[in-house]
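The values are calculated or read from the model by the stated rules, or taken from the named source; none is laboratory data. Small disclaimer: the values here were computed from a predicted structure and weren't measured. Virtual Cβ from ideal backbone geometry, glycine too; neighbours counted across all protein chains shown. Surface areas here come from the heavy atoms of the whole protein model, side chains and all, with no ligands, DNA or RNA. Shrake-Rupley method; radii C 1.70, N 1.55, O 1.52, S 1.80 Å.
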Amino acid sequence: MTHRHAGASIAKALAGRMAPSGPARAISHAARQFPQAAGDGISTGGEAIPLDHLRFSAAHEQVVNLDDLMFRRFPVGWSEGMGLDVAEAVAEGVSDVMGWSPAEVGAQVRRYRAQVAQDFGVGEPCA
């Protein structure tokens, strides 16, 4: 069973038990295209990711927290420095889209750094 098959089976089973949240629409498995990048980007590990792309992903891909965005949506977390050098810039760049207050931005960055330290034994990059 694939994820797509499982999703279709779950949707079918739930269809008779709860009302849809919106109008029916065709399922598309096509890759989502990012809008044309218009502004600056975040650079780390030799790769630059447009801030517009990070914001688009945060708005449209059910991003839950900073490590979700940096590891699962973009390869920022998998860069040489594990994204520790840009975590705060990324969190601040998507804060309005995610509804994060300045205090929540700080909490997300601390959570990200703690997660990287716990999972990979990596701390702040050397200067």
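Anything in region 13-36 that is modelled with pLDDT under 85, of a type in the set (Lys, Arg) and over 20 Å from the mean Cα position of the chain (by Cα)? List them, or say none.
ARG25
Within region 88-105, work out how many residues are assigned to a helix (DSSP H, G or I) and without any contact (Cβ under 8 Å) to a residue 12 or more places away in the chain.
The total comes to 5.
Hey, among the residues in region 1-12 that are open to solvent by 70 Å² or more (accessible area, probe 1.4 Å) and free of Cβ contacts under 8 Å to residues at least 12 places away in the same chain, which one's farthest from the chain's Cα centre (by Cα)?
Going through the qualifying residues, I end up with LYS12.
Determine whether VAL76 is under 26 Å from GLN118 (Cβ atoms), of a type outside the set (Phe, Trp, Tyr) and part of a helix (DSSP H, G or I).
Taking the combined requirement at face value, the residue satisfies it.
Which condition from (1) closer than 30 Å to LEU84 by Cα; (2) assigned to a loop (DSSP other than H, G, I, E, B) is the one that ARG17 breaks?
All conditions are met except number (1).
Looking at the structure I just gave you, is GLY7 over 25 Å from TYR112 (Cα atoms) and either of a type in the set (Asp, Glu) or assigned to a helix (DSSP H, G or I) (or both)?
Considered against the rule, which asks whether it is over 25 Å from TYR112 (Cα atoms) and either of a type in the set (Asp, Glu) or assigned to a helix (DSSP H, G or I) (or both), GLY7 comes out as yes.
Restricting region 29-44 to residues that are of a type in the set (Gly, Ala, Ser) and open to solvent by 60 Å² or more (accessible area, probe 1.4 Å), which is nearest to GLU80 (Cα to Cα)?
Checking each candidate, the answer is SER43.
If I ask for residues that are more than 15 Å from the chain's Cα centre (by Cα) and under 25 Å from PRO50 (Cβ atoms), which ones from region 85-114 would you list?
Hits for region 85-114 are ASP85, SER101, PRO102, GLU104, GLY106, ARG113.
If we keep just the residues of region 45-73 that are in a strand (DSSP E or B) and not charged (D, E, K, R), which is surrounded by the most Cβ atoms within 10 Å (Cβ to Cβ)?
In this case the residue turns out to be ILE49.
Within region 13-56, work out how many residues are touching a helix residue (DSSP H, G or I) at 6+ places or on another chain (Cβ under 9 Å) and touching a residue at least 24 places away in the same chain (Cβ under 8 Å).
Final tally of qualifying residues: 10.
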